[in-house]
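Only one structure is covered here, and it is reproduced in the block below.
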């Protein structure tokens with residue numbers, strides 16, 4: 001009798017497979033959401049830096065040696081904004097995100113070099 005109650009509590013093999021499949025599906029859904037949130041946060045940072053770069057260029061603060069790194073940050077911001085519009089295309093999202101991070105990183109590194117050299 002104790003075995004019978006144990007079997008009912010654990011369910012049949014089909015029920016256990018169904019529960020395992022539902023659990024795996026919910027974990028995959030959580031991972032997809034977490035990855036999208038991470039990607040959108042990275043894209044938002046690139047857009048934020050790009051907006052400041054565009055404002056700096058438009059106000060005339062980025063001239064001479066600071067212009068090219070500021071424009072690289074602006075291009076990174078545009079690529080970051082493109083991430084939001086290309087969500088249905090995962091490969092395009094990944095490419096835009098890599099471009100956004102690359103341009104923004106290169107722009108920030110260039111600005112650090114220019115400011116550090118005293119120009």
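Among the residues making up region 82-92, those that are more than 11 Å from the chain's Cα centre (by Cα), surrounded by fewer than 17 Cβ atoms within 10 Å (Cβ to Cβ) and in a helix (DSSP H, G or I) are 85, 90, 91, 92. Residue count for region 26-81 satisfying the condition of being under 16 Å from the mean Cα position of the chain (by Cα) and at positive phi: 0.
The listed residues are 110, 95, 116, and the only one of them that is in a helix (DSSP H, G or I) and buried (at least 16 other Cβ atoms within 10 Å of the Cβ) turns out to be 110.
Would you be able to say whether some residue in region 72-79 is over 24 Å from residue 36 (Cα atoms) and out of contact with any strand residue (DSSP E or B) (no Cβ under 8 Å at 6 or more places or on another chain)? Scanning region 72-79 turns up at least one residue that is over 24 Å from residue 36 (Cα atoms) and out of contact with any strand residue (DSSP E or B) (no Cβ under 8 Å at 6 or more places or on another chain). Quick one: is residue 28 surrounded by fewer than 11 Cβ atoms within 10 Å (Cβ to Cβ), in a helix (DSSP H, G or I) and without any contact (Cβ under 8 Å) to a residue 60 or more places away in the chain? Yes: the conditions hold for residue 28.
Mind checking whether some residue in region 40-60 is modelled with pLDDT under 90 and in contact with a helix residue (DSSP H, G or I) (Cβ under 9 Å, 6 or more places away or on another chain)? No; the residues of region 40-60 include none that is modelled with pLDDT under 90 and in contact with a helix residue (DSSP H, G or I) (Cβ under 9 Å, 6 or more places away or on another chain). Pairs meeting the criteria (first residue in region 87-99 and touching a residue at least 24 places away in the same chain (Cβ under 8 Å), second residue in a helix (DSSP H, G or I) and surrounded by fewer than 12 Cβ atoms within 10 Å (Cβ to Cβ), beta carbons under 8 Å, at least 6 apart or on different chains) are lacking.
Filtering region 98-107 to residues that are under 15 Å from residue 71 (Cα atoms) and surrounded by fewer than 18 Cβ atoms within 10 Å (Cβ to Cβ) leaves 101, 102, 105, 106. When you check residue 62 against the structure, is it surrounded by 14 or more Cβ atoms within 10 Å (Cβ to Cβ) and in a helix (DSSP H, G or I), yes or no? Spelling it out, it is not the case that residue 62 is surrounded by 14 or more Cβ atoms within 10 Å (Cβ to Cβ) and in a helix (DSSP H, G or I). Looking only at residues of region 93-119 that are more than 14 Å from the chain's Cα centre (by Cα) and more than 19 Å from residue 49 (Cβ to Cβ), we find that the one that is modelled with the highest pLDDT is 117. In the condition set (1) loosely packed, with under 14 Cβ neighbours inside 10 Å; (2) assigned to a helix (DSSP H, G or I); (3) without any contact (Cβ under 8 Å) to a residue 24 or more places away in the chain, residue 57 is compliant with all but (1).
The values are calculated or read from the model by the stated rules, or taken from the named source; none is laboratory data. Computed from a prediction, not measured in an experiment: that's the story for all the values here. Don't worry about glycine lacking a Cβ; one is built from the backbone with ideal geometry, like all the others, and counts go over all protein chains shown.
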